[in-house]
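What follows is a set of notes on a single structure, which appears directly below.
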Amino acid sequence: MGIIKAVTGAIGASLADQWLEVYEAGNMGDNTVFTAGVPVRRDGQNTKGTDRTISNGSIIHVYPNQFMMLVDGGKVVDYTAEEGYYKVDNSSMPSLFNGQFGDTLKETFSRIKYGGVPSSAQKIFFINLQEIKGMKFGTQNPINYFDSFYNAELFLRCHGNYTIKVVNPLLFYAEVIPKNTSRVNFDEGISEQYLSEFMEALQAAINQLSADGERISFVTSKGTKLSDYMRECLDKGWTEKRGFAVESVGISSISYDDKSNELIQMRNQGAMLSDARVREGFVQSEIAQGLKAAGSNTNGAAATFMGMGMGMNAAGNFMGAASGTNAQQMQMDAQAAAQAQAAAQVQAAAQAQAAQAAAGSWTCSCGAVNTGNFCQTCGAKKPEPTEWTCSCGAVNTGNFCQNCGAKRPESSEWTCQCGAVNSGKFCSECGKARP
């Protein structure tokens, strides 16, 4: 009572001669998670009668990313998670092709398997193993979010889309799919009962982002983190009990309530006004606005200017004092910037000097690396470079002529760094190779 793999190469000829029934999954849309098998003709066209039962010897065609179940009386008789052609054989034992799911499905199958004898009510069902997209969500009430940057409890609303994926198709069939149905779209009917659980997990995930110290304005770009947190929150409720999981979460928009907006604007304005140049611009703008208003006063500009002068005197010439403070702060900022630039130049010069010294270093026969004319360890004098004259007339110290590129000719004698005069390829005193 199960299915066996059919030989792929013989399918076409055998179906053409014997006209055996062939079944495939019904049309699967982006949100389709479950559909019944439908019979097809040799030309691949679907036929009517999707509620027909499956006779012994029928062929079932399973496409990639599909999970096929042979069901008898509402209980699973056999299944496959592997693509290919399968023949219904009621005389065989269940084959249980686990595919990508390994032995996990066998444990589930042992709990929900059919224990009777074959009947005339066997049917074929398919579960979509692709990522189910387009699940929309939105928060009806604002979610609290403590932002350490603003040092305030803020409230946000968010909208977006999430996707799910079936990770245990047998458990999904037993716990999620309504009975006596031939087709289920996740976004029609069954998604509503899980939306409240999703929103609860979303709030917990967003609160976790707050605990991680993420700024509220960065929440939109944290879809990957949100997906990971939500999988943790929904692991027991969805994955272990129902056989599906959140695959990804995409937030399309975030908005704040009125009080949160006020706090954010106040904090941003305060951050801007901490800059002396911005403050001075604000002071000058206010003075200019006052002068403009004075010129348009119907009672006369002279009376307005007199009132402005009295007001400024009464306020202790606040604007002038503010400008003086701003100028002093800007001068201090400029001095600090100049000091930082000078320090950076000193550091760059020191690094350049060190690099130059390293480039002009030489190794003494005692092994010490030096930059001066005498070894800092043993006091030996820096060896003079051995000069040679090329056939083109250029005087060189390296192994190749710097003028024509000719190789340095071999000579009978050469002087080692240790001062020994040699004629072989190695120094007779220290053993170093001839340069």
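The values are calculated or read from the model by the stated rules, or taken from the named source; none is laboratory data. The structure displayed is predicted, hence computed values, not measured ones. A quick note on method: Cβ atoms are made from the backbone with ideal geometry, for glycine too, and the neighbour counts reach across all protein chains shown. Side chains are part of the model used for accessible areas, which takes the heavy atoms of the whole protein and leaves out ligands, DNA and RNA. Shrake-Rupley method; radii C 1.70, N 1.55, O 1.52, S 1.80 Å.
Residues that are at pLDDT below 85, within 26 Å of MET135 (Cβ to Cβ) and small (Gly, Ala, Ser) do not occur anywhere in segment 63-86. Only residues that are surrounded by 14 or more Cβ atoms within 10 Å (Cβ to Cβ), more than 16 Å from ALA201 (Cβ to Cβ) and among the hydroxyl-bearing types (Ser, Thr, Tyr) were counted across segment 139-164, and they come to 1. Residue count for segment 179-214 under the criterion of being touching a strand residue (DSSP E or B) at 6+ places or on another chain (Cβ under 7 Å) and without any contact (Cβ under 8 Å) to a residue 24 or more places away in the chain: the result is 1. Does segment 244-255 contain any residue that is at pLDDT 80 or above, open to solvent by 70 Å² or more (accessible area, probe 1.4 Å), of a type outside the set (A, V, I, L, M) and under 15 Å from ILE164 (Cβ atoms)? Yes, the conditions are met somewhere in segment 244-255. Among ASN403, ASN422, ASN396, which is the only one that is open to solvent by 50 Å² or more (accessible area, probe 1.4 Å) and either of a type in the set (Val, Ile, Thr) or modelled with pLDDT of 75 or more (or both)? After applying the criteria, what remains is ASN403.
In segment 218-243, the qualifying residues are those that are in contact (Cβ under 8 Å) with a residue 12 or more places away in the chain, within 23 Å of LEU263 (Cβ to Cβ) and open to solvent by 10 Å² or more (accessible area, probe 1.4 Å), and the one that is farthest from the chain's Cα centre (by Cα) is THR220.
If the condition is being within 29 Å of the chain's Cα centre (by Cα), modelled with pLDDT of 85 or more and acidic (Asp, Glu), then segment 154-208 contributes GLU197, GLU200.
Restricted to segment 12-58, and to residues that are modelled with pLDDT under 90 and touching a helix residue (DSSP H, G or I) at 6+ places or on another chain (Cβ under 8 Å), which residue is least open to solvent (accessible area, probe 1.4 Å)? Selected residue: VAL22.
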